[in-house]
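**Student:** Have a look at this one.
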Amino acid sequence: QVQLVESGGGLVQAGGSLRLSCAASGSISRPNVMGWYRQAPGKQRELVATIISSGNTNYADSVKGRFTISRDNAKNTVYLQMNSLKPEDTAVYYCNLLLIRAYWGQGTQVTVSS
């Protein structure tokens, strides 16, 4: 059984930074894709960034140049460094692991105050 455990959310002022982490455990094969999605109140869940086990990355236009996704394959952990945060980045952030099926973390709240 695959499990994802996120950490690192919190409250930060606009312009500040946060780093999210997500550790995956269980039977995890490669190649795979790990990523971050977010869901703001009243909105649909949206992609933030993904990273393939080879290291290729993909970002939503809204976070390009501000967020950086990375991973440690030895630890099955994915990170999201978020800089220059804006109030519109406020959301619950979910970690995702795509194998044969998708697995989700429980979510971590990120709140950016203006």
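The values are calculated or read from the model by the stated rules, or taken from the named source; none is laboratory data. All of these numbers come straight from a predicted model, not from anything done at the bench. Virtual Cβ from ideal backbone geometry, glycine too; neighbours counted across all protein chains shown. We work out accessible area using only protein heavy atoms, side chains counted, and drop any ligands, DNA or RNA first. Shrake-Rupley method; radii C 1.70, N 1.55, O 1.52, S 1.80 Å.
**Student:** Spelling out what I want: for every residue of region 30-37, take phi, set θ = phi - 60°, compute 6.51 cos²θ - 1.76 cosθ + 1.60 (Karplus), and round to whole Hz; glycine and proline get x.
**Tutor:** The phi angles translate into 10, x, 8, 10, 10, x, 10, 10 Hz.
**Student:** So for each of 22-32, 67-77 I average, over its residues, the number of other beta carbons within 10 Å; can you give me the resulting order with the highest mean first? Before the final figure, lay out the partial values.
**Tutor:** Numbers: 22-32: 13.9, 67-77: 15.7.
So the order, starting with the most tightly packed, is 67-77, 22-32.
**Student:** To continue, here is another question. Run down the lysines and flag those whose C-alpha is under 28 Å from the C-alpha of LYS75, throwing out any fewer than 8 positions away in its chain.
**Tutor:** Once the sequence-local lysines are set aside, what remains near LYS75 is LYS64.
**Student:** Can you return the lysines within cross-link range of LYS43? Criterion is Cα-Cα under 19 Å, with same-chain partners fewer than 8 residues away left out.
**Tutor:** LYS86
**Student:** So with the 1.4 Å probe, I'd like the accessible area per residue for the chain, rounded to whole Å².
**Tutor:** 53 Å²
**Student:** Further, regarding this structure: For the chain, calculate the relative contact order in percent as a whole number, restricting contacts to Cα pairs under 8 Å that are 6 or more residues apart.
**Tutor:** Answer for the chain is 36 percent.
**Student:** If you don't mind, there's one more thing I want to ask. Return the long-range amide H neighbours of GLY10 (sequence gap of 5 or more, or a different chain), with a cut-off of under 5 Å between placed amide H atoms.
**Tutor:** VAL110, THR111
**Student:** Distances over 22 Å make up what percent of all Cα-Cα pairs in region 6-114? Provide the component values of the computation, followed by the final result.
**Tutor:** Details: 1469 of 5886 pairs.
Percent of Cα pairs beyond 22 Å in region 6-114: 25.
**Student:** Pulled fully out, how much extra length does the chain show between GLN13 and GLU46, if you take 0.36 nm times their separation in residues and subtract their Cα-Cα distance?
**Tutor:** 9.6 nm
**Student:** What ³J(HN,Hα) values, in whole Hz, does the Karplus curve 6.51 cos²θ - 1.76 cosθ + 1.60 give for region 49-60 when θ = phi - 60°, with x put for Gly and Pro?
**Tutor:** With the stated coefficients, region 49-60 comes to 6, 9, 9, 7, 4, 6, x, 5, 10, 9, 10, 5 Hz.
**Student:** Another question, if that's okay. Could you work out what % of the accessible surface of the chain is carbon and sulfur, using a 1.4 angstrom probe and leaving DNA, RNA and ligands out of the count?
**Tutor:** Heavy-atom surface of the chain belonging to carbon and sulfur, 1.4 Å probe: 48 percent.
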